[in-house]
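Each reported figure results from applying straightforward, stated rules to the coordinates on display, with no laboratory input. Not measured: the values here are computed from a predicted model. Backbone-built Cβ (ideal geometry, glycine too); neighbour counts: all protein chains shown.
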Amino acid sequence: MQGKGIIKFFGILLAVVSIYYLSFTWVAQKVESDAAEYAKGDAVKEKAYLDSVAELPAYPLLNHTYQYCKNKELALGLDLKGGMNVTMQVSLRELVKALSGNNADPVLNQALHNAEVAQRTSQKDYITLFI
């Protein structure tokens, strides 16, 4: 089993680098939660608190300021912040038509129409009815 040591080395290196970059996010979120606790819902107080601690050391291990940590924190997408979910609905009739190259063949159009009509009274899916 040659190469096991190098795999472990890179695994540990990856974990250390990941923790290093995540630590900025943890520190910034800790300062922001302290600000929210101090402000008790007052947005002006919270902003003033964050402005006042921006240049103070917030990461004692590396002596980085809150502002530095805030700039280095990982960007969380809306899904990680509890923001946005999107559901997309695709018209299967339009999909089949587009896949056919928007063919104007009357037989294809009749088959699409028949599948659409049959779907209203059937539990089968559109593609099965189309075929």
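Computed quantities for the displayed model
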quantity	calculated
Neighbourhood charge, 15 Å Cβ-Cβ cut-off, centred on S18 and excluding it, Lys, Arg +1 and Asp, Glu -1	0
Inter-site label distance for S52 and S91 at 7 Å from Cα along Cβ, in nm	5.9 nm
Helix 43-53 axis, angle to the chain major axis (alpha carbon atoms, nearest 10°)	50 degrees
Sequence-distant residues sharing a close amide H with H64 (under 5 Å, placed H)	A58, Y59
Choice from A48, A115, A58 with maximal GNM fluctuation in the chain (Cα, 10 Å cutoff)	A115
Percent of C-alpha pairs per 10 Å bin, the chain, short to long	10, 21, 15, 11, 11, 20, 11, 1
Per-residue Cβ neighbour rank within 10 angstrom, fewest leading, L56, L112	L56, L112
9 Å beta-carbon shell around A35, net charge (K/R +1, D/E -1)	-2
Candidate lysines for bridging to K97, where Cα separation is under 21 Å - those fewer than 8 sequence places away on the same chain excluded	K124
Net lengthening on full extension, I131/K4 (0.36 nm per residue, minus Cα-Cα)	40.4 nm
Where GluC sites (Glu not before Pro) fall in DSSP loop in the range 48-126, at most 11 other Cβ within 10 Å	E55
Relative contact order (percent, whole number), the chain, Cα cutoff 8 Å, 6+ residue spacing	17 percent
